[in-house]
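*Asks:* Handing you this structure, nothing more for now.
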Amino acid sequence: MSDLEDLLFQHIKLVGLPTPEREYRFAPPRRFRADFAYPERKLLIEVEGGVWTRGRHTRGTGYSADVEKYNLATINGWRLLRFTGDMIKTGEAINTIEKVLNE
């Protein structure tokens, strides 16, 4: 788990939201995993690290795999929330997750 994932998990616990599943395989037999999932709500949450440092999510191969993964999630009826490190650090991520879970 990345530091950003751990920080978001701490935020989720701090505000009293239900505990999500971590590293959730949402499309077996494919090996795609979501950082967090609320399976009963069909909600996946992804932390997009390395946005400004040319990390895996912003380079060709990694970006292409992410697009395939996100499209498969949508095809299978999942909603997907994606957050950058800045969104997690400012509280925007947890505010958005709270809104979605309290719909």
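The values are calculated or read from the model by the stated rules, or taken from the named source; none is laboratory data. As the structure is a computational prediction, the values presented were derived from the model and not from experiment. A quick note on method: Cβ atoms are made from the backbone with ideal geometry, for glycine too, and the neighbour counts reach across all protein chains shown. Quick note on the areas: whole protein, heavy atoms, side chains included, nothing else; ligands and nucleic acids left out. Shrake-Rupley method; radii C 1.70, N 1.55, O 1.52, S 1.80 Å.
*Asks:* If the only charges are +1 at each Lys and Arg Cβ and -1 at each Asp and Glu Cβ, what is the size of the charge dipole of the chain around the Cα centre, to the nearest 20 debye? Walk me through the numbers on the way to the answer.
*Replies:* Values: 16 positive and 15 negative charges, 73 e Å.
Computed charge dipole of the chain: roughly 360 debye.
*Asks:* Through the Karplus equation 6.51 cos²θ - 1.76 cosθ + 1.60, θ set to phi - 60°, convert the phi angles of the range 76-87 into ³J(HN,Hα) values in whole Hz; use x for Gly and Pro.
*Replies:* 8, x, 8, 8, 10, 10, 10, 9, 7, x, 4, 5
*Asks:* Over the chain, what is the percentage of antiparallel beta bridges among all DSSP beta bridges, to the nearest 5? Walk me through the intermediate numbers first.
*Replies:* Values: 7 of 13 bridges.
Just about 55 percent of them are antiparallel.
*Asks:* Please compute the modelled spin-label separation between Arg31 and Met1, points set 7 Å along Cα→Cβ, answer in nm with one decimal.
*Replies:* 2.2
*Asks:* What residues qualify as long-range amide H neighbours of Arg82, i.e. H under 5 Å apart, gap of 5 or more or another chain, H built at 1.01 Å from N?
*Replies:* For Arg82, the qualifying residues are Glu46.
*Asks:* Tally up the carbon and sulfur contribution to the accessible surface of the chain as a whole percent, 1.4 Å probe, everything protein left in place.
*Replies:* Details: 3170 of 6120 Å².
Taking all protein chains in place, the chain shows 52 percent carbon and sulfur surface.
*Asks:* Okay, moving on. Can you list the HN-Hα couplings for the range 95-100, worked out from phi with the Karplus curve (6.51, -1.76, 1.60; θ = phi - 60°), rounded to whole Hz and with x for Gly and Pro?
*Replies:* So the Karplus estimates, Gly and Pro as x, are 4, 5, 4, 4, 4, 5 Hz.
*Asks:* Ranked highest first by average number of other Cβ atoms within 10 Å, how do 96-103, 69-76 line up? Can you show the working numbers first?
*Replies:* Working: 96-103: 12.5, 69-76: 14.2.
Listed from highest to lowest mean packing, they are 69-76, 96-103.
*Asks:* Pairs of lysine in the chain with Cα under 17 Å and at least 8 positions apart or on different chains: total? Before the final figure, lay out the partial values.
*Replies:* Numbers: Lys13/Lys89; Lys13/Lys99; Lys42/Lys69; Lys42/Lys99.
Step by step, the pairs that qualify in the chain add up to 4.
*Asks:* Taking only C-alpha pairs under 8 Å that are 6+ residues apart, what is the relative contact order of the chain in percent? Don't jump to the answer; show the numbers that get you there.
*Replies:* Values: 113 pairs, mean separation 25.1, N = 103.
24 percent.
*Asks:* For the chain, just the Cα set please: Rg and Dmax, both in angstrom.
*Replies:* Expressed in Å, the Cα Rg and Dmax of the chain come to 13.2, 37.
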